[in-house]
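Right, one structure below, let's go through it.
The values are calculated or read from the model by the stated rules, or taken from the named source; none is laboratory data. What you see is a predicted model; the values in this text were computed from it and never measured. Here Cβ is always computed from backbone atoms with ideal geometry, including for glycine, and neighbour counts include all displayed protein chains. All accessible areas refer to the heavy atoms of the entire protein, side chains included, with ligands and DNA or RNA removed. Shrake-Rupley method; radii C 1.70, N 1.55, O 1.52, S 1.80 Å.
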Amino acid sequence: MQPLQVVSLGIESPAVLSRAAYEAIKQADHIVGSARQFDMVTHLDLPARQHLLPRPLDDLGTLLRKLKGQVALLASGDALFYGIGNTLKMRWPDITFVSHPNISSVQALAHRLQENLHELTTISLHGRPLSRLYNALVPGRQLALLTDGNTHPLAIAEYVSALGWQNVRCAVGERLGYPEERVTQWDSLNALIATAPDFDALNVVWLALPDRAPEAWARTALTDTQYQTDHATPGQGMLTKQEVRQQVLAMLDPHPTETGWDIGAGCGGVSIEWARRLTKGYVHAIEHHPERFDALATNQGRFGLDRQLVLHDATATASLLATLPDPTVVFIGGSDGALDDLLEQVWERLPVGGRLIASGVTEPSQACLTRFESQHGLDGHWCRIDISRGSLLGGQRLLRPRLPVTLVRFIKPDQPTEQGLPT
């Protein structure tokens, strides 16, 4: 089978192609694309048989394998910039292709605004929730946003403004590269909201965030009251509290691309902040209590973690864990009295160098951890956290102690153990 020719059409209509891209579709026996994409190349008088891009896209791989001879696939903008080329690599990695580049809408908007392209952080909101923006809102950052009918410019402006961000400069580029192209700029999101213009569906949004974040904005660590919990009082309920949470995260030492498990996730105190530190990695959060799971799901949406955080409304049974990808790091925050079994199951799945962190509040759970350490000949890193928080009583400041929490981290060695002793 000849390599598939992926031809990026750029932003102009009719399309402006490189010589190599033109030859690729001129010599093709079959061309696959959308109706709009075919309109962009009608001036080329192509002899190939045309096939509309299948809907749903799930059938694209089947179509490409079925076609005989040279096949070209048309792509909007640049195929490897949030485009069909990225989809091919992810969903049909067995299909080899040659990619012909072109200009993306983000590149075009950066040039229209005369902004440094390398300083833009691009986020695709196409088919994704607006909450994906949450973790990208960083003081001084410039964002380029790819939109759809639900994440249109006005919805973006209202979402970011509602989070307390002020003095955000913005621009919208519509139908870039077409004769009716329009680029509009505003000094603030509020100005965009006030005018509320109708935007063409083909648009890109640019935001320039101010150097100062809203006063209540989380910079490094979330406060307890920023979480939804299973308790009427903000910050209360089944939530690993901030001081303990930061110690747990330090012991987890999250790597941006690894896979982890959070067993007994509660309302997501650990897993939410853990997932915020990931780029390509995942956290699988397991929680079976209905109200806690609902709060966990709410927090997942609130902080835009629909990709990094995978929720499991279940008990951490052996059968459930068997369905999960192998972790490199695991946190056990709750075990429903099955800590002995959980420790063994997790230890079996961890690779050499894998990290297991567990908490113990009760004496039985601490005894389980001690027993596990002895049986496997380990020398864990133990710490006990005693937190007191300040409050007022009769106008006087006092510190009220909270339940102490014991944390331990075990790292899986590269040598087996025998009868509880290191080899």
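Annotations for the structure displayed:
- Distance from the alpha carbon centroid of segment 88-146 to that of segment 342-406 works out to 42 angstrom.
- Applying 1/(1 + (r/R0)^6) with r as the Cβ-Cβ distance of residue 396 and residue 190 and R0 = 35 angstrom yields a FRET efficiency of 0.20.
- Other residues within the sphere of radius under 15 Å centred on the Cβ of residue 291, judged by their own Cβ, net out at -3 (K and R +1, D and E -1).
- For segment 224-278, the per residue solvent-accessible surface stands at 34 Å², with DNA, RNA and ligands left out and a 1.4 Å probe.
- Between residue 90 and residue 280, residue separation times 0.36 nm minus the direct Cα-Cα distance comes to 67.1 nm.
- Residue 128 accessible area, 1.4 Å probe, all protein chains in place, Å² to nearest 10: 90
- Cα shape, the chain, gyration tensor, a/c 1.5 rule: oblate
- Fraction of accessible area attributable to carbon and sulfur, segment 212-257 (%, probe 1.4 Å): 51
- Residue 150-residue 379 FRET efficiency (beta carbon distance; Förster radius 56 Å; 0.05 resolution): 0.60
- Averaged over its residues, segment 1-66 has an accessible area of 54 Å² per residue, based on protein heavy atoms and a 1.4 Å probe.
- Ligands, DNA and RNA left out, the accessible area of segment 304-418 computed with a 1.4 Å probe is 52% carbon and sulfur.
- Residue-normalised accessible area of segment 77-176, expressed per residue, 1.4 Å probe, Å²: 46
- Contour excess over end-to-end distance, with Cα ends at residue 388 and residue 119 and 0.36 nm allotted per residue: 92.5 nm
- Available extension along the chain between residue 65 and residue 18 is 14.3 nm, counting 0.36 nm per residue and deducting the alpha carbon span.
- The Cα atoms of segment 234-333 give a gyration tensor whose axes a ≥ b ≥ c have a/c under 1.5, which makes the shape rounded.
- Protein accessible area in segment 88-137, 1.4 Å probe - carbon and sulfur %: 50
- Pairwise FRET efficiency - residue 318 versus residue 111, Cβ, R0 = 45 Å, nearest 0.05: 0.20
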